[in-house]
1. Only one residue in A:SER81, A:SER48, A:SER87 is hydroxyl-bearing (Ser, Thr, Tyr), surrounded by 18 or more Cβ atoms within 10 Å (Cβ to Cβ), under 14 Å from the mean Cα position of the chain (by Cα) and in a helix (DSSP H, G or I), so which one is that?
2. Among the residues of the range B:361-378, how many are open to solvent by less than 10 Å² (accessible area, probe 1.4 Å), without any contact (Cβ under 8 Å) to a residue 40 or more places away in the chain and within 7 Å of chain A (Cβ to nearest Cβ)?
3. Quick one: would you say A:LEU134 is surrounded by fewer than 16 Cβ atoms within 10 Å (Cβ to Cβ), at negative phi and of a type in the set (A, V, I, L, M)?
4. Let me spell it out: the conditions are (1) in contact (Cβ under 8 Å) with a residue 24 or more places away in the chain; (2) touching a helix residue (DSSP H, G or I) at 6+ places or on another chain (Cβ under 7 Å); (3) away from every other protein chain (no Cβ under 14 Å), and A:THR204 meets all of them except one. Which number is the exception?
5. What single numbered condition from (1) assigned to a helix (DSSP H, G or I); (2) small (Gly, Ala, Ser); (3) open to solvent by less than 50 Å² (accessible area, probe 1.4 Å) fails to hold for A:ALA96?
6. For the range A:148-165, what are the residues that are open to solvent by less than 70 Å² (accessible area, probe 1.4 Å) and either of a type in the set (A, V, I, L, M) or in contact with a Cys (Cβ under 8 Å, 6 or more places away or on another chain) (or both)?
7. Filter the range A:371-398 down to the residues that are open to solvent by less than 50 Å² (accessible area, probe 1.4 Å), in contact with a helix residue (DSSP H, G or I) (Cβ under 7 Å, 6 or more places away or on another chain) and under 22 Å from A:ALA37 (Cα atoms) and list them by number.
8. If you check A:ARG228 against the conditions, is it within 14 Å of another protein chain (Cβ to nearest Cβ) and touching a Ser or Thr at 6+ places or on another chain (Cβ under 6 Å)?
Amino acid sequence: MSPSRASRSRSFLLRPNEWALVLAIGLAVGLTALVDANHSYWFRPLESLRDILRNTALLGIFALGATVVIIAGGIDLSAGSMIALSSTVCATAMLAISPAQMTAFKPVGPGAVAVGCLASLLAGFLVGTLHAWLITAVRLPPFIATLATLVGLRSLARALCESSTAVLTPTKSALINVSDPFFKTIRDNVWIPVAVFAMLAVFTWLLLTRTVLGRHLQALGGNEQAARLAGIRTDNVKWFAYCYGAMTAALAGLFYMANESVAAPVNQGRGHELNAIAAAVVGGCSLSGGVGTVPGTVLGTIFLRVVIDAVSKVIKTGADVYEGLIVGIVVVIAVTFAQVGQLAKGGRRLLPGALGLCAIPTLALLCGGIVAMTAGGRAGVAAGLGALVLLGLLRLWESRRTA
Amino acid sequence: MRDAAPMPSAAAVPAVTMRGITKRFPGVVALEDVTLEVRRGELHAICGENGAGKSTLMKILSGVYQPDAGRLEVDGLPVRFTGTRSAERAGIAIIHQELALVEDLSVAANVFLGRERRDGLGLLDDRAMARECGRLLDALECRVSPRERTGSLRVGDQQLVEIAKALSLEASILVMDEPTSALTEAESARLERTIRRLLAGGTTILYISHKMDEVFRLADRITVLRDGRHVRTVDRAATTPREVTGWMVGRDVSAGPREARAAGRRLLEVRDLTLPWPDHPRGYRLSRVSLDLHSGEIVGVAGLMGAGRTELLEAIFGAGEPTWTGSISLDGRPVRFRHPREACDAGIAMVTEDRKRLGLFPDLDVAANVSLCSLAQAVRGGLVSPRVEDTLVAGPIRDTGVKTPGIHASIMGLSGGNQQKCIIGRWLLTEPRVLLLDDPTRGIDVGAKAELYALIDRLCRAGLGVIVTSSELPELLTLSDRIIVLAEGRLTAEFSRAEATEQAIMHAATGGTQCLAAGGH
């Protein structure tokens, strides 16, 4: 049994894995400050901080939603598409209320903005309800239900965007520009998304640790059948979880729209659902449900964004090219790291048998390839050979230990 | 009967020798310097309370765990197992207490998992596997099809599939870890016949059980473990069940005669409860079952596996499909619960069978497991107050006598008996009037059982109405004021405490199946 994964942590402030994340964040920041040839952390600390904070807050908002869904034993793959739908719904609502101002890049007024934002959150509630219905009444597995909405909602958002622009503006368009000063203020003031993220984090933390509903979410994720037999209305708890997931994504969608001054359903939020799930998993959530904390997810989000920022600073190409690779590697390393204790004392091996033998060149090739593309061919060959030797030694050590 | 004395030549080299075995887990020493010799061809029973180290010792013997210290010999030769596969090669197979079956595969596929038969083309030979599996199941007198999905079988049949799997290995040394804990008396009896056949064929069996009658019917020698240490090994003929239980718990255990209880007013009235069973030849899970429960009374429900005991409790509790007909009244008012929540609110509590699957929340600590159904009571100013919650759960944890290192310890670290007390405590917090207990002592050791009996008796005297089901007749006879017997979904008999005997109950429980059993031979 793993050490008590109790609902209330008995360790000092954070759990051990969360302290490890704090350390890792510090390490990543320190390394970047040293290695970055432009020294942007030294010369433009505020600008760098602002960048990281904005990205962290935007990802964090719906990573908190993903955390609630995952703790309840589910999964929501549709967050990225929900972001696109949310921004489109908000822009469409404002366009419908004051088409002339919207097309002329003029302020639309607080009433239209409020209606737009509320419409987005309502869309989130409706999508969450749809998920819960598909999962509890139709009894689809959560993966299937939200996979369907992952592809479906983005398409819906694009259709909504094209048909509303066709009716309300002179030309059909795949995007709607948003230039109301309300959204400009949000874009120009990074503290707004950060404050919203912080408040949402505190709210979610209270929800999970100090409310009956939060305990029921954990119970549901830990053992669904037992939860039902304990008199918990599991279907309602699931309904809440999926609505929370979709509505936080809708909220994040508003920030993405503000940030880019446009509702662009083709690309907005594309693939972001996996970053949110990754942040939760790096923060200690278990995809089998019942386990996870808000501080963990917050730290996981920061760590993910810091590492992405670090790589873009160090190799000076667009961060988006390497973002997926980084997220993938970080998730694998973080989850492996969480089992280090088990690996060290149990008889388990990382590189067992023929599979382990084939994994060694695979990993070495991957390592060499990445280094070659970022730091040049010679360094790549060296890194690949180095990895080969290190993994070979690990394999030797493991087989000697168990023999 | 078999003669207990093994042949002298075979006794010279023990089948298995375990010397100085020590195994530590984080925080506990599961086994300390245990030495054990098992003679070839004997049935060697291992007894001890839960947590005594029986299962750990057997898992070391079968290669699941590696010992931290000590040596293992098979037929006098030192061996070192790196996994169950290597133990199987040495002729040792284990039937685990917790079932290790792939629910979505067929019975035959489970029996041959990892050792699949293949035909000339290298493809799976399902027909040969099904045929062979059918033969093994026949030998166990198990009436399920080899092609049936394993997950759709009852626990009792699943256990027999596990046994068939071990038999298919043709192991010379067979470890059985509480094989009858989920079996009914009839299933246990047919398992006993199988065991005797295996022993007659020369197989050596290590047998873990809590049930003294079983141990004393089957064993040649008995080893008692307590707190991870070897207490003693004796010939069965040289000891008594009372002596063995004494060594197990380190004290004298006796249930003792209990004072009569007085039943109060009628709480629950079930009339002609019928639960349909579509797609099944019988057509019903329960047929016209009637039952009364008074406050301060314990009604026992006896029946073989599949007789409908769990279904009866689930229908009352609103946990199953609400498709039943008939009537259920609580305090004279007709009720039909569609969700366990409604039953809780009406004052009914149910402790489910299969604690691990249906009762425990492994990710929550002891306190959260206990407070789960009544957490709303700990809300102060809109939020759950940890302080109030701690006080809330302290009551039932004390009253039920849970032994735990702390109320925030992991629930999975507790023994089965203490876990069960936590679950009963969870329900006591809801202040129920009717308590439904579905096989509450399954997999719980002797000492803890006696404590649970005392607890149930105490609750009943405080005015609760209790319905309890059990696979063990002595347990029902100890606990109940009245016993009703189900056979294949029908109520076949009702006994008062004075009338009930094991023979009479068994007769009523098998009443509906006599023709079938006769037809099977």
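1. A:SER81
2. Within the range B:361-378, residues that are open to solvent by less than 10 Å² (accessible area, probe 1.4 Å), without any contact (Cβ under 8 Å) to a residue 40 or more places away in the chain and within 7 Å of chain A (Cβ to nearest Cβ) number 2.
3. In short, no.
4. Result: A:THR204 passes all but (3).
5. (3)
6. Matches in the range A:148-165: A:ALA148, A:LEU150, A:LEU153, A:ALA157, A:ALA159, A:LEU160.
7. Selection gives A:VAL371, A:ALA372, A:ALA379, A:GLY380, A:ALA383.
8. yes
The values are calculated or read from the model by the stated rules, or taken from the named source; none is laboratory data. Remember, predicted model here, so these are calculated numbers, not experimental data. Every residue, glycine among them, receives a Cβ derived from its backbone with ideal geometry; neighbour counts consider all protein chains shown. Keep in mind that these areas ignore ligands, DNA and RNA; they rest on the heavy atoms of the full protein, side chains included. Shrake-Rupley method; radii C 1.70, N 1.55, O 1.52, S 1.80 Å.
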